[in-house]
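*Asks:* The structure follows.
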Amino acid sequence: MTNHVDGSPSRSDAPSHVYYFDVGTGDWQGLFTFRVTSWRRLRQDRGVGLLNRVLVVAMDLTQRLTGPSRLDSTIVASPSAGAFGVADNVVRVSKFGVTLYLLKERYVLAPDGRGVTVEANEQFSPVPAILTRKFTYPAEIRPSGLGSTYHMPLLGSPWTATYEVGADRQSLAGELVCDWAKATESARRIS
């Protein structure tokens, strides 16, 4: 990586620019899975709350009965926005054409070339303005620019999401885990 006199990475080869601008930009499509891995730990987790428990049971049951959901994602890059660039992502998880989960994220890239602040707006259910919230969380891009780790609050628990870009730079595999559940994402760039 080429560094400036102050030690910061140049924009063009910064890991976050590789991840979001070179590889990530475009339309992606794939599958999303969700499974409760420990009902006991879910019951013991006091932070989850009744509404999130209902959502968890509904997602787990839907996946068990109908299989993986469809995942669509569109990333739009704005390399000159903010201090070191910004990317916007709209993620939609659906089943039989019905939106189950909608996530709109803004990735604000840090000048160190690896750190990211994620500003998120999420919506569970196909009905706008119901079961929505806004939140912010950190992420870090690996030095290669071909992987990432996100630390997100989701369903009342802390989750860690790790993503790996495929060798072809056209595919992405992700695993999201918390103390009581696991989700996966697999997607390919379609444009």
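*Asks:* Given (1) in contact (Cβ under 8 Å) with a residue 40 or more places away in the chain; (2) under 28 Å from Gln44 (Cα atoms); (3) among the aliphatic types (A, V, I, L, M), where does Ala87 come up short, assuming only one miss?
*Replies:* Unmet for Ala87, out of (1) in contact (Cβ under 8 Å) with a residue 40 or more places away in the chain; (2) under 28 Å from Gln44 (Cα atoms); (3) among the aliphatic types (A, V, I, L, M): (2).
*Asks:* Just the residues that are assigned to a strand (DSSP E or B), open to solvent by 20 Å² or more (accessible area, probe 1.4 Å) and either within 21 Å of Thr33 (Cα to Cα) or not hydrophobic (A, V, I, L, M, F, W, C) (or both), please, taken from region 92-120.
*Replies:* Filtering region 92-120 down to residues assigned to a strand (DSSP E or B) leaves 92-95, 98-109, 115-120.
Right, trim to open to solvent by 20 Å² or more (accessible area, probe 1.4 Å) and you get 92, 95, 98-102, 104, 106, 108, 117, 119.
Result: Arg92, Lys95, Val98, Thr99, Leu100, Tyr101, Leu102, Lys104, Arg106, Thr117, Glu119.
*Asks:* Here's something else I'd like to know. Just to be sure I understand the filter: pairs with C-beta atoms under 6 Å, separated by 6 or more residues or on different chains, first member in region 25-46 and under 26 Å from Arg188 (Cβ atoms), second member assigned to a strand (DSSP E or B) and among the β-branched types (Val, Ile, Thr). Which pairs pass?
*Replies:* Thr25/Ile75; Asp27/Thr74; Phe32/Val93; Thr33/Thr184
*Asks:* Working only within region 125-138, note down all residues that are over 14 Å from the mean Cα position of the chain (by Cα) and either under 23 Å from Leu172 (Cβ atoms) or assigned to a loop (DSSP other than H, G, I, E, B) (or both).
*Replies:* Ser125, Pro126, Val127, Pro128, Ala129, Ile130, Leu131
*Asks:* Still on this structure: Are any residues in region 121-135 surrounded by 13 or more Cβ atoms within 10 Å (Cβ to Cβ) and touching a residue at least 12 places away in the same chain (Cβ under 8 Å), and if so, which ones?
*Replies:* Let us first name the residues in region 121-135 that are surrounded by 13 or more Cβ atoms within 10 Å (Cβ to Cβ), namely 121-126, 131-132.
Asn121, Glu122, Gln123, Phe124, Ser125, Pro126, Leu131 - these are the residues of region 121-135 that are surrounded by 13 or more Cβ atoms within 10 Å (Cβ to Cβ) and touching a residue at least 12 places away in the same chain (Cβ under 8 Å).
*Asks:* Counting just the residues of region 147-169 that are touching a helix residue (DSSP H, G or I) at 6+ places or on another chain (Cβ under 9 Å) and part of a loop (DSSP other than H, G, I, E, B), which one comes out most open to solvent (accessible area, probe 1.4 Å)?
*Replies:* Arg169
*Asks:* Please go through region 61-76 and give me each residue that is without any contact (Cβ under 8 Å) to a residue 60 or more places away in the chain, open to solvent by less than 50 Å² (accessible area, probe 1.4 Å) and not polar (S, T, N, Q), ordered by number.
*Replies:* If the condition is that a residue be without any contact (Cβ under 8 Å) to a residue 60 or more places away in the chain, open to solvent by less than 50 Å² (accessible area, probe 1.4 Å) and not polar (S, T, N, Q), then Gly67, Asp72, Ile75 are the ones that fit.
*Asks:* Within region 40-82, how many residues are closer than 22 Å to Asp22 by Cα, out of contact with any Leu (no Cβ under 8 Å at 6 or more places or on another chain) and part of a loop (DSSP other than H, G, I, E, B)?
*Replies:* Initially, region 40-82 is screened for residues closer than 22 Å to Asp22 by Cα, giving 71-82.
With out of contact with any Leu (no Cβ under 8 Å at 6 or more places or on another chain) added as a condition, the list becomes 72-81.
Imposing the further condition that a residue be part of a loop (DSSP other than H, G, I, E, B) reduces the set to 79-81.
Number of matching residues: 3.
*Asks:* Same structure, new question: Anything in region 29-41 that is of a type in the set (A, V, I, L, M, F, W, C) and open to solvent by 20 Å² or more (accessible area, probe 1.4 Å)? List them, or say none. Spell out how you get there, then give the answer.
*Replies:* First, the residues of region 29-41 that are of a type in the set (A, V, I, L, M, F, W, C): 31-32, 34, 36, 39.
The answer is Leu31, Phe32, Trp39.
The values are calculated or read from the model by the stated rules, or taken from the named source; none is laboratory data. Quick caveat: nothing in here was measured; it's all calculated off a predicted structure. As a convention, Cβ positions derive from the backbone with ideal geometry for all residues, glycine included, and neighbour counts pool all protein chains shown. With ligands, DNA and RNA removed, areas are computed over all heavy atoms of the protein, side chains included. Shrake-Rupley method; radii C 1.70, N 1.55, O 1.52, S 1.80 Å.
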